[in-house]
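J.: The structure's right below; bear with me while I get my questions together.
The values are calculated or read from the model by the stated rules, or taken from the named source; none is laboratory data. Keep in mind that what you see is a predicted model, and the values were worked out from it rather than measured. All Cβ positions, glycine included, derive from the backbone under ideal geometry; neighbour counts span all protein chains shown. With ligands, DNA and RNA removed, areas are computed over all heavy atoms of the protein, side chains included. Shrake-Rupley method; radii C 1.70, N 1.55, O 1.52, S 1.80 Å.
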Amino acid sequence: MVIKAFDSVESLGKRFDSEVFQDISDETLYVYHRTDNAWYRYRWTSGKREIRFVEQSAGELPIVVQVYP
């Protein structure tokens, strides 16, 4: 089951026990879920109050940088 929202990039990474990556062209975040063997896409809400689930990412990831840890 996908958790819909997080307070920080750190809590997102800890929940999935994975690194968190950010798309270099926008602030979309990607985290890998080992159990489901899938990448999940998250995005900051306006005002950066929380990180919300967008979708399971299909296909290749865009160019990303690691933001956690």
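J.: What nm value, rounded to one decimal, do you get for the distance between Asp7 and Glu55 when each label is placed 7 Å out toward the C-beta?
T.: With each label point 7 Å from Cα toward Cβ, the separation is 3.0 nm.
J.: Given a 1.4 Å probe and the protein chains all in place, what does the accessible area of Arg15 round to, in Å² to the nearest 10?
T.: Accessible area, nearest 10 Å²: 100 Å².
J.: If Asp26, Asp17, Asp36 are ordered by their accessible area, calculated over protein heavy atoms with a 1.4 Å probe, which sequence runs from highest to lowest?
T.: On the way: Asp26 55, Asp17 120, Asp36 80 Å².
So the residues, ranked largest to smallest area, are Asp17, Asp36, Asp26.
J.: While we're looking at this one, here's another question. In the chain, what percent of the accessible surface is made up of carbon and sulfur (1.4 Å probe, ligands and nucleic acids excluded)?
T.: Working: 2120 of 4530 Å².
Within the chain, the accessible surface is 47 percent carbon and sulfur.
J.: On to the next question. Going by average Cβ neighbours within 10 Å, how do the peptides 6-12, 61-67, 27-33 rank, with the highest at the top? The partial results should precede the final answer.
T.: Working: 6-12: 16.1, 61-67: 12.1, 27-33: 18.6.
Most protected by this proxy first, the peptides run 27-33, 6-12, 61-67.
J.: Now, a different point. What length, rounded to one decimal in nm, is gained on full extension from Lys48 through to Glu19, with 0.36 nm per residue of separation minus their alpha-carbon distance? Don't jump to the answer; show the numbers that get you there.
T.: Numbers: separation 29, 0.36 × 29 = 10.44 nm, distance 1.97 nm.
Between Lys48 and Glu19, full extension yields 8.5 nm more.
J.: Along the charge dipole of the chain, Cβ charges K/R +1 and D/E -1, which of Ile3, Ser25, Ala38 sits furthest on the positive end?
T.: Value computed over the given set: Ile3.
J.: Based on Cβ point charges of +1 for Lys and Arg and -1 for Asp and Glu, what charge dipole magnitude is obtained for the chain about its Cα centre, in debye rounded to the nearest 20? Before the final figure, lay out the partial values.
T.: Numbers: 9 positive and 11 negative charges, 50 e Å.
The dipole of the chain has a size of about 240 debye.
J.: Leaving out ligands and nucleic acids, and using a 1.4 Å probe, what accessible area per residue does the chain come to in Å²?
T.: Details: 4530 Å² over 69 residues.
Computed with neighbouring chains in place, this is 66 Å² per residue.
J.: Can you compute 3J(HN,Hα) from phi for each residue in the range 42-52, using the Karplus curve 6.51 cos²θ - 1.76 cosθ + 1.60 with θ = phi - 60°, rounded to whole Hz and x for Gly and Pro?
T.: 10, 9, 5, 6, 4, x, 6, 7, 7, 9, 10
J.: A follow-up question, please. Cα-based Rg of the chain per 2.2 N^0.38 Å, rounded to two decimals? List each step's numbers first, then the result.
T.: Values: Rg = 10.9 Å, N = 69, 2.2 N^0.38 = 11.0 Å.
The reported ratio for this selection is 0.99.
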